[in-house]
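Chemist: Pasting a structure below so you can have a look.
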Amino acid sequence: MKFIFPQNYNFKHKILGIIDPHTAIFNIIWYAFIFCLTSLIFDNLNIKICFIIIFCLPLTLFSIVSLKQENILYVLLYISRFFLYNKVYLYYKKG
């Protein structure tokens, strides 16, 4: 069986069809950092679980339901650039 892809089709490799490999690596590094941090700070298991859920679940959801399947590192870079160099893009017309 042969599949014919148009030339303008943008083919990207994804893990399980939903997550970009660079995003998955970034998520794993973030999860390891949060896990090590919670292991050092907290002793209670319930507090550890809540802390991990609070800081890891939003990133996971944002990675899966990202903006047009964009790489999460680029999205974070765009957001940081906006906060550093924000300008007013709407101008009022005098008159």
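The values are calculated or read from the model by the stated rules, or taken from the named source; none is laboratory data. None of these values were measured; they are calculated from a predicted model. Backbone-built Cβ (ideal geometry, glycine too); neighbour counts: all protein chains shown. Keep in mind that these areas ignore ligands, DNA and RNA; they rest on the heavy atoms of the full protein, side chains included. Shrake-Rupley method; radii C 1.70, N 1.55, O 1.52, S 1.80 Å.
Chemist: Could you give every pair whose Cβ atoms fall below 8 Å, whose first residue belongs to segment 73-95 and is open to solvent by 100 Å² or more (accessible area, probe 1.4 Å), and whose second residue is in a loop (DSSP other than H, G, I, E, B) and at pLDDT below 80, counting only separations of at least 6 or pairs across chains?
Modeler: From segment 73-95, no pairs qualify.
Chemist: Still on this structure, please answer the following. Taking ASP43 as meeting all but one of (1) in a helix (DSSP H, G or I); (2) of a type outside the set (A, V, I, L, M); (3) at pLDDT 85 or above; (4) surrounded by fewer than 10 Cβ atoms within 10 Å (Cβ to Cβ), write down the number of the exception.
Modeler: Only one criterion in (1) in a helix (DSSP H, G or I); (2) of a type outside the set (A, V, I, L, M); (3) at pLDDT 85 or above; (4) surrounded by fewer than 10 Cβ atoms within 10 Å (Cβ to Cβ) is unmet by ASP43, namely (1).
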